[in-house]
Amino acid sequence: MERRTGMKRGLPRKENAMKETDMAYGEELVFRPLPQLVIEANVNPQEFATAQASAKADNLGYWEDAAQELDWFNKWDVVLDDSEAPRYQWFKGAQCNIVYNALDRHIATANKNKLALIWEGEAGDTKKYTYYELYREVNKLANAMRSLGLGKGDRVVLYMPLIPQTMMAMLACAKIGAVHCAVFAGFSAKALRQRITEVEAKLVVTADGFYRNGRIVNLKATVDEALVGGCDCVETVVVVNRAKLDVDMGEARDIWYDALVRQERSDAATEIMNSDDPLFILHTSGTTGEPKGIVHGHAGYMVGLHRSLDWVFDIKPTDIFWCTGDMGWITGHSYVVYGPLIAGTTTVMYEGHPLYPQADRMWDIVARYGVTILYTAPTVIRMLMRYGNQYPRMHDLSTLRLLASVGEPISPDTWLWFYKFIGHSQCPILDTWWQTETGGCMISPFPVSVLKPGSVHRPMPGIEVDIVDEDGNPVEAGVAGNLIVTKPWPSMLLDIFGKPELRDATYWPLGPGKYWAGDIATRDEDGLIWIHGRSDDVMNIAGHRIGNVELENAFLTHKAVADAAVIGIPDKIKGEVAKAYIVLQAEFAALDDRNEIIRMLKTHIRKEVGPVAVIRSMEFVETLPRTSSGKIVRRVLKAREAGVQVDLTAVVED
Ligand code: PRX
């Protein structure tokens, strides 16, 4: 663990009533919400203060109240059992199903005929589903899954693009008590196989292909490659006919989605689940070479999401909510599927690339559907910002009322561009901090908060955090330290799939009550939190967590590589990109054509990990800096990148 010296923030202030502004050097901007927004907010500043105080005084009472707002088959015996902390059991003894709250209960209300999903394909084709239509589709698939022999606890891998059937597959799994495990479509056949084998999936749901930036990405072929000569656990592969590709459906295990659901009934029983029964597994990179399968359950996850939609995103009956997250990552799970549906709002899903056919695609979508809340990532904003203001100017963005960001720190200039050119200085920006492990938002402004661009503001009511040194002692305001969460929260991870022993060591190294987030943060004099980045060997490339060791291990499987170290280096658009330091095997080191070696290694990484792992550059060195016990010292390489003269051959103390 590294202690970093802090940044002092005591700069002169300029206050703004959510109006256009330019930032002068050294000034700290403060934005106050417009009065109308405060009047209309689900939680006004007084209610927010009361909620904060009551959650502080009675944390469990606060979360119990939130849980009471949802539907349960049987209520809990205890709100939280922490007798085996850091193993926490929320709503112990309760029975529920997240799908009951996300779909079933809406059918008996005015939401029945409301739009649940607006989907748009990259080519411009659209599909809309009311809550009732979505409910019927999910029921058909749930029945089909049951007829394939799937039930409670069975794992289903989803290797899917952003299409309605992905949402249906998630909900159908939840409905029958099966556990979905989405694998991002940017991962390779090898990475897919690793995840399928680890979770012992009985079923894989995929598509023939999908559209991305004017091209068709073939998914079925990757699934076939993943399943060659292994993965005996997989009994069936269900394929959505999305791109009309001529795919090989020759295996007995392969079946088209439409054929599977065609004859099924459109009503299906919703499985009664215990609160901690797993809902999904989602892999995320850690500091070891192996991705961790983070497990979330039905009860706590839905309670956490419910609060964030209602209070942070301030959902109103007329909202159209668009989170641009992919279904292969947690943002897609929580804020494309489960959160918006629990809130009974209309969720938007877009299949393709933000630059297709040109850089106004997102603004076009906002205008055409009247999107009111747009939730995206700094990397997307930075990319679109580069194309200039003329693209947002082409569209009427006046329906927007809230903007939100997640995944990486948003710099003040990016924040201001988003605020000024997309929100027209009318919309607060909710910079939400959270992780795959936390399930939903943890630290975020509310629409009524006074904002400082670049700060994630304060923890939500019911969430308590601190910033500490490596021994767990709180650091002063202005000093950077490690972000920890000091109270359990309902949507916390249940486990690391198949590796329960890793869970406590990874997330509670300081003991119960000190969840280790792996992020470096500062609290300023006003108590607002600023996130600076990861403290561990995990990169954040375009908002995606990629482990350094995972890439190093992938390099080491190539015959040309004797040793490898990967570090993240700053990038204007992606935030961070990977740079590899490679020691070549002698016979390759003698070759003159380094470009050929680079090409070969890049292809290798694409095959091993997938296109998600972009290696920006490679440098060939004689040796790598190591500690006396042999660990690579990446900070020496980082210093070198920053222009510091370093000796790569020196042995660094452990
Ligand atoms: O480093 C933090 C960063 O993203 C990490 C979590 O990544 P993942 O599990 O993939 O989930 C991303 C979407 C929730 C965090 O440890 N991060 C997330 N949100 C922010 C952020 N960094 C700065 N500001 C944020 N708002």
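Summary of computed values
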item: Of the criteria (1) of a type in the set (K, R); (2) within 16 Å of the ligand (Cβ to nearest atom); (3) more than 16 Å from E290 (Cβ to Cβ), which one R503 fails; result: (3)
item: Qualifying residue in region 313-326 (condition: within 13 Å of the ligand (Cβ to nearest atom) and among the β-branched types (V, I, T)); result: yes
item: Odd one out for N213 among (1) over 29 Å from E122 (Cβ atoms); (2) in contact with a Phe, Trp or Tyr (Cβ under 9 Å, 6 or more places away or on another chain); (3) polar (S, T, N, Q); result: (1)
item: Residue check, I429 within 30 Å of M394 (Cβ to Cβ) and within 16 Å of the ligand (Cβ to nearest atom); result: yes
item: Filter result (surrounded by fewer than 21 Cβ atoms within 10 Å (Cβ to Cβ), in contact with a His (Cβ under 9 Å, 6 or more places away or on another chain) and either closer than 15 Å to M302 by Cα or touching a residue at least 40 places away in the same chain (Cβ under 8 Å) (or both)) within region 96-135; result: K114
item: Selected residue (only one of P461, P453, P447, P490 is surrounded by 19 or more Cβ atoms within 10 Å (Cβ to Cβ), within 13 Å of the ligand (Cβ to nearest atom) and not polar (S, T, N, Q)); result: P453
item: Of all residues making up region 514-543, the number that are more than 8 Å from the ligand (Cβ to nearest atom), at pLDDT 95 or above and among the small types (G, A, S); result: 2
item: Residue that is surrounded by the fewest Cβ atoms within 10 Å (Cβ to Cβ), among those in region 391-411 that are in contact (Cβ under 8 Å) with a residue 60 or more places away in the chain and over 22 Å from the mean Cα position of the chain (by Cα); result: T399
item: Subset tally (residues that are crowded, with 24+ Cβ neighbours inside 10 Å and away from the ligand (no atom under 16 Å from the Cβ)) for region 287-305; result: 6
item: Hits in region 544-562 (condition: within 16 Å of the ligand (Cβ to nearest atom) and small (G, A, S)); result: G547
item: Subset of region 23-42 that is under 31 Å from the mean Cα position of the chain (by Cα) and at pLDDT below 90 - its residue that is surrounded by the fewest Cβ atoms within 10 Å (Cβ to Cβ); result: M23
item: First in region 266-288 and closer than 15 Å to N101 by Cα, second anywhere and within 16 Å of the ligand (Cβ to nearest atom), Cβ under 7 Å, 6 or more apart; result: L279/H296; L279/Y301
item: Residue under evaluation M349, criteria (1) over 18 Å from Y211 (Cα atoms); (2) surrounded by 20 or more Cβ atoms within 10 Å (Cβ to Cβ); (3) touching an Asp or Glu at 6+ places or on another chain (Cβ under 9 Å); (4) aliphatic (A, V, I, L, M), criterion not met; result: (1)
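The values are calculated or read from the model by the stated rules, or taken from the named source; none is laboratory data. Since the model is a prediction, treat every value here as computed from it, not as a measurement. Don't worry about glycine lacking a Cβ; one is built from the backbone with ideal geometry, like all the others, and counts go over all protein chains shown.
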